[in-house]
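Taken together, the values in this text are just the output of simple stated rules run on the coordinates, not laboratory data. The structure presented is a predicted model; accordingly, all values stated were derived computationally and were not measured. Positions of Cβ are backbone-derived with ideal geometry, glycine not excepted, and every protein chain shown enters the neighbour counts.
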Amino acid sequence: MKKLLFVSILNCFCFTSLTLSQTSIEVFRPNARAMALGGSLVVQARDPSTIYWNPAALSGLKDREMLISINGPFTFDFVSLTQVVPLIGTFGASLSRLPALPERVDRGTLAWGRRFYKRVFVGNKFDFLKQDSTLFASTGLGIFFGNPGVGVLDKQWQEFANSKLLDKLNFGMTVHNIPLGKRIFDPSVMFGFSYIFPTPGLLLNTGYHVQKGENTNHLGLGFEFNRKVTIFLGLEDLDFDESAVGFQYTRDNFVFNFSYSKNSDKLLFTLSARISPAPAALAERYYERGVERLTLKKYKSASREFKKYLDFELLDTKSDSTKILLSDLTKRLARTEVIIDSLFLLSSRLLTQENPKFFRAAYVLTRIKELDPDNFDATVKLNALKPAVDVLIKKSLSDGDAEFNAEKYFAAERSFKRVLIFDKKHPTATKYLADIDKIKNELAEEYFFRGLGYYRDKSFRVAEQEFKRALEFDEKKDEVIKYLGRTRQEIRKNLKRVSKLLREGEALEQQRNYVGATNKYLEVLKLDPGNSPSTSSIAKLRPKINRFIQDKYTKGLRFHRNENYPEAIEAFLNVLSINPDHLDAKRKLARVRLDRREKAFPYLKQGEMFFQQGDWQSALESYAKALEIEPSNSKALQGEKDVQKKLQIVNLIERGRQKVNEKKYLQAETIFGDILRMDPGNRIVKIELNDTRNKINELTEEYFNDGINLFTLDRYQDAIGIWNRVLELDSNHKGALEYKQKAIERIEALKRIQNR
């Protein structure tokens with residue numbers, strides 16, 4: 001739709017006649033916005049009309065734009081086109097028809113503008129003029145201070161509230177009509193100044209034109225209502241008769257300007273349009289090319305592409321990161337240039353000595369090509385050394401094959417890549433490199449999974465080494481990078497914990513708690529197996545610990561002989577906590593546990609016998625004795641649990657029967673139901689539950705019949721009370737529900753009769 005609109009407007013212009021009212025060159029206004037802002041746009045053109053006003057400001061146009069200006073019905077007097085060329089500047093061309101007495105003048109202009117230094121921009125233009133059949137040429141120069149990008153298509157005034165002063169304050173100067181041969185117009189100088197007040201969206205624009213005859217002053221104001229609509233007011237020489245008003249409307253990539261001048265009583269219309277992708281999209285292509293060349297290790301061309309990207313001056317985080325990347329690239333290139341220069345010097349020496357070393361020189365030149373694949377001088381010299389290069393290819397293939405078979409894959413890769421420098425499609429080298437890539441991927445996977453195993457075992461130091469090895473074979477493997485980061489984070493955490501444990505160990509050592517100190521040092525070794533302070537401290541404390549171990553071991557033997565099994569077990573466990581490899585303590589601990597089980601066994605069997613006989617209290621006492629001897633005996637624990645369950649059921653049965661005797665049948669039913677959920681196969685409880693439910697049914701029917709009798713006696717309220725008791729016993733009792741409703745209806749009918 002946008003393209004169709006633009007083409008339609010352009011077609012209208014192409015079929016119009018070229019006429020212009022006869023006014024002097026000094027008051028030529030190539031666009032409606034200029035007229036509306038007082039007749040001067042030295043710093044505020046911000047569209048292709050800047051070709052005329054100040055070529056230096058072309059640098060603010062970072063795309064391709066076109067402008068057509070009409071000063072009467074079906075006529076136009078100015079057509080211009082701009083095109084950005086990154087790192088060189090923005091170029092522009094225009095055609096215009098100028099009124100000049102006695103005859104009008106046709107003019108074509110070529111212009112260029114770019115940044116000179118930080119906030120200083122320069123520009124130049126060449127005018128080619130024709131009056132009647134006479135040709136003339138002149139040039140012009142422009143300079144701009146500030147930010148020429150403020151106010152262009154994608155940048156509105158209100159967006160610069162937090163910008164620097166020189167984004168909002170602009171100054172410019174243009175020298176016009178410097179003759180290149182025969183002169184048609186006298187030279188003139190235009191000065192311009194503008195300031196933007198972002199918060200209200202206000203523009204102040206001024207100009208001062210120095211020319212033959214009378215100099216002129218220009219003043220303009222702009223009010224930016226929103227992103228689409230702007231109103232302009234202008235005066236020339238502070239004369240109300242020289243006033244003008246204008247209106248600007250922006251829609252997508254099109255800017256429409258209308259202005260009316262009181263002096264000329266003329267309506268001027270200008271259309272400017274972007275006819276290329278937006279600057280961000282244009283810049284992105286250069287960024288992607290830079291990344292592509294960076295991947296190919298073509299650092300020089302990558303640097304150029306990133307510079308082109310930055311030349312679009314996009315204010316985003318990507319530009320910031322690109323500046324950092326470019327800075328690193330520049331440093332790398334500087335280092336590389338030094339190496340390349342030394343290699344060129346070496347190759348020259350090898351070729352110019354008494355016995356030229358062609359083979360070695362070719363090898364040196366290949367090193368240069370590895371560092372800079374696009375190096376022209378190295379390519380030329382290598383072509384001259386082709387015979388030596390052929391020998392080098394054969395040697396590289398032989399070396400690569402030997403290195404591949406010796407599983408030296410990185411060395412083999414370098415050898416085969418050296419071959420591809422001379423022959424990019426060499427089949428043998430290509431095949432080997434494909435095999436090496438496959439092997440490297442497999443090795444990367446192997447090291448990654450090994451690292452993952454160590455990571456899960458919390459052996460973070462070893463895991464780190466495995467992940468680093470994996471990255472040697474595949475430096476872009478995201479999963480490895482992620483786990484390496486996690487591993488290093490865990491190592492940092494462990495270092496803090498290690499430091500804390502060492503301090504705690506030292507404190508315990510000073511308190512002569514050698515066992516506690518040793519345990520702290522052992523914890524350190526679990527986190528950091530190679531920790532030398534812990535290792536040396538443990539070695540220093542070992543004689544003292546050995547005495548402690550022997551003392552605990554002796555106590556354990558004594559407790560065992562006295563059948564004090566808990567104390568004996570604790571003593572041997574203390575020994576093993578300090579020295580897990582103490583064989584005697586292990587054997588004695590096993591013997592104590594076996595003796596304890598044998599002593600508890602008769603009580604366990606006795607408990608099982610009482611359980612089978614239903615003597616729950618005796619069974620509970622037997623299991624308690626077994627657990628007193630061996631608290632962890634699983635069979636005794638389970639037996640005790642089963643007995644307690646049986647006792648609980650017996651107690652619940654008694655409670656249920658008591659509720660039946662009290663005729664609290666619903667509570668009894670609930671209790672018997674709870675028992676069956678605990679012991680679904682209990683036949684006694686099933687019988688009790690069935691009897692209870694029968695009694696509930698009998699009582700329900702008895703209550704229901706009592707209610708019927710009361711209903712027949714017209715005692716409806718009493719009947720409802722009885723049926724409510726029925727519904728407490730059986731909430732779904734059909735008869736009680738129906739007759740209760742009938743009783744309610746009878747009561748309501750009687751009330752209606754009484755109210756009459």
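Brief remarks on what is shown
- Taking a straight line from the alpha carbon of residue 742, these lysines sit under 23 Å away, with near neighbours fewer than eight places off in the same chain left out: 734, 751.
- Per-residue ³J(HN,Hα) for the stretch 508-522, Karplus 6.51 cos²θ - 1.76 cosθ + 1.60, θ = phi - 60°, Hz, x for Gly and Pro: 5, 5, 5, 7, 6, 8, 5, 5, x, 4, 4, 4, 5, 5, 5
- Whole-Å semi-axes of the ellipsoid equivalent to the stretch 690-755 (Cα gyration tensor, √5λ, descending): 27, 10, 7
- Stokes-Einstein, applied to the Kirkwood radius of the chain over Cα pairs at a viscosity of 0.890 mPa s and 25 °C, places its translational diffusion at 64 µm² s⁻¹.
- Sparsely packed GluC sites (Glu not before Pro) within the stretch 268-374, loop by DSSP, other Cβ within 10 Å at most 13: 354
- Compared with the dominant principal axis of the Cα atoms in the chain, helix 734-755 is inclined by about 70°.
- Dividing the C-alpha radius of gyration of the stretch 280-350 by 2.2 N^0.38 Å, with N its residue count, gives 1.32.
- Here the Karplus relation 6.51 cos²θ - 1.76 cosθ + 1.60, evaluated at θ = phi - 60°, turns the backbone of the stretch 400-407 into coupling constants of x, 5, 5, 5, 5, 5, 8, 6 Hz, with x for every Gly and Pro.
- Mean separation of Cα contacts under 8 Å (6+ apart) over length of the chain, as relative contact order %: 6 percent
- Put simply, the Cα atoms of the stretch 447-545 extend 53, 21, 17 Å along their principal axes, the longest span coming first.
- Out of every Cα-Cα pair that the stretch 2-276 contains, those further apart than 28 angstrom amount to 28 percent.
- Diffusion constant of the stretch 71-186 at 10 °C, which comes from Stokes-Einstein with the Kirkwood Cα-pair radius and 1.306 mPa s, µm²/s: 97 µm²/s
- Cleavage-rule hits, trypsin sites (Lys or Arg not before Pro), the stretch 81-159, DSSP coil, Cβ neighbours within 10 Å at most 13: 118
- Set of aspartates and glutamates near residue 663 by C-alpha distance (under 20 Å), chain-local residues within fewer than 8 positions excluded: 654, 674, 688, 691, 698, 701, 702, 706, 728, 730
- Translational D in µm²/s for the stretch 164-290 (Stokes-Einstein at 4 °C, 1.567 mPa s, Kirkwood Rh from C-alpha pairs): 74 µm²/s
- Distance cut-off 16 Å, percentage of C-alpha pairs in the stretch 157-198 lying past it: 55 percent
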